[in-house]
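To start, the structure under review is shown below, and the notes come after it.
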Amino acid sequence: MLLLIPGPVQTRPELRAVMGQDIAPWDNDFRPVYAGIRDRVRDLAGGGAETHATLPLQGCGHFMVEAAVRTYTAPGARILIPMNGAYASRMERLVRECGRVPVPLPVPDTRPVTGEEVAAALAADPGIGHVAMVYSETGSGIINDPAEIGAAVRNAGRRMILDAVSAFGALPLDLGAQPEIDVMVFTSGKCFEGMPGIGFAVARIDRTVASAGNAGSWCFDLSDVYTHALRNSWGSFRFTPAVQALNAFAMALELHAAEGGQPARLARYQENAKLLYDGALSLGLTPYLERKHQGPVIVTIHQPADRAFALQAFVDALKSRGVLISNFHNTQAPTMRIGAIGAVTATDIKFAVEAIGATLDAMGISRREAA
């Protein structure tokens, strides 16, 4: 089965094979593996050993976003959120339920937020301390630029929390050049093509120490993760992790490096996304985004206007041809979400486009313009 969703993603057979062993996460033989993962992740993010630390938790991207908000902001803090996608909306809810005050910055989900928009919002509200932003918005497929937005945040003397869950590993990021970023979060099962189950934060050490006591939660306190590492070693996890997924992530990092690292991974995903976008057009379908705003992670396509089309029926029929896509959408208009990431090549994408066309034909979908 070809898995084309924005995560968890298609993985390589040798990585799946690594999962087939029992491991004790606190065994002394595993501690160097875990400590090495932390160092490699920090380095890939552009962090320095004296300035940044990798702080993992069990769970998904939402867990990491909540942990970042709880740790690096105080209860009652005002947080600006560029609202141009479904995951920004989820971030707004997390911020509110953490006892902080979200300040929405409305932006269409068809384009990135601009530095000028963020600068204006910060100037209008001196009480905002942080900007929390989604780097890769998999609701629609747009990419917000952390360097551009970070410059506006830095110039305004504020701080930043970056949700890079479906971005880091493929899209560029240099924490060393962006001291305004308190923390960046991502997960194992996205652009590094690992197994799901582990979330990572790469955070400034000074901000982590200064933020002790903010979280109001033992489980979601990244400052406590840092303190635990100092006390018990960088190879020690606080609570039982998804250790097989963590071990597989070590191999995912090796495969990432062998491919050529972030630039090569990005180039492959960009080619995948281009083939999906062009393929949709060739089938008479309408991409949700203008090409200039189309990111490399997920291609979102308007559902056809034909009355015979139903998303779940289409997903099921496409699955019978060997391709599995998301069976839900996160946009106001009815769309289809097709991932371009994972252990997927141009050959796989061409196969998927042919399967999509054959499925539409078999369902009798002749009206393919946007619903």
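The values are calculated or read from the model by the stated rules, or taken from the named source; none is laboratory data. Nothing here was measured: the structure is a model prediction, and the numbers come from that model. Cβ coordinates were reconstructed from backbone atoms using ideal geometry, including for glycine residues, and neighbour counts include every protein chain displayed. With ligands, DNA and RNA removed, areas are computed over all heavy atoms of the protein, side chains included. Shrake-Rupley method; radii C 1.70, N 1.55, O 1.52, S 1.80 Å.
For the stretch 1-157, the per residue solvent-accessible surface stands at 40 Å², with DNA, RNA and ligands left out and a 1.4 Å probe. Relative contact order for the stretch 75-137: what percent, with Cα pairs under 8 Å and sequence separation of 6 or more? The normalised contact order for the stretch 75-137 reaches 48 percent. Note on residue 274: aspartates and glutamates with a C-alpha under 16 Å away, same-chain residues under 8 apart excluded, are 290, 348, 354. Report, to the nearest whole %, how much of the accessible area of the chain belongs to carbon and sulfur atoms, 1.4 Å probe, protein only. It is 55 percent, rounded to a whole number.
Extents of the stretch 220-371, taken as max minus min of Cα coordinates on every principal axis and listed largest first, are 64, 32, 31 Å. Protein heavy-atom accessible surface, 1.4 Å probe, per residue over the stretch 223-371: 41 Å².
By the equivalent-ellipsoid construction on the alpha carbon gyration tensor, the stretch 272-330 comes out with semi-axes of 20, 13, 11 Å, ordered largest to smallest. Pick from 274, 292, 190 the residue whose mean-square fluctuation is largest in a GNM of the chain, springs joining Cα atoms under 10 Å. Ranking 274, 292, 190 by mean-square fluctuation puts 292 first. Of 137, 66, 148, which has the largest mean-square fluctuation in a 10 Å C-alpha GNM of the chain? Maximum among the listed residues: 148. A P(r) calculated from all alpha carbon pairs of the stretch 110-223, with 5 Å bins opening at zero, reads 2, 11, 20, 22, 19, 16, 7, 2, 0 percent. Taking all Cα pairs closer than 8 Å and separated by 6 or more residues, the relative contact order of the chain comes to 24 percent.
Normalised by the number of residues in the stretch 1-132, the mean separation of alpha-carbon contacts (under 8 Å, six or more apart) gives a relative contact order of 19 percent.
Could you work out the helix-only [θ] at 222 nm for the chain, with each DSSP H run of four or more residues adding -39,500 (n - 2.57) and the total divided by the number of residues, to the nearest 500 deg cm²/dmol? So the helix-based figure for the chain works out to -12500 deg cm²/dmol.
Normalised Debye scattering of the stretch 1-91 at q = 0.12, 0.15, 0.16 Å⁻¹ gives log10 I(q)/I(0) of -0.64, -0.96, -1.06, counting only Cα atoms as equal scatterers and leaving out solvent. When the Cα atoms of the chain are aligned to their principal axes, the ranges along those axes come out at 63, 54, 33 Å in descending order.
Among 322, 150, 279, the largest mean-square fluctuation in a Gaussian network model of the chain (Cα springs under 10 Å) belongs to 322. For the stretch 276-347, the set of chymotrypsin sites (Phe, Trp or Tyr not before Pro) satisfying both a DSSP loop assignment and a count of at most 15 other C-beta atoms within 10 Å is given as 328.
Three principal axis extents of the stretch 228-301 based on alpha-carbon atoms, in descending order, are 58, 26, 21 Å. Over the stretch 298-370, the fraction of Cα-Cα pairs per 10 Å bin, rounded to whole percents and listed from the shortest bin up, is 19, 56, 24, 1.
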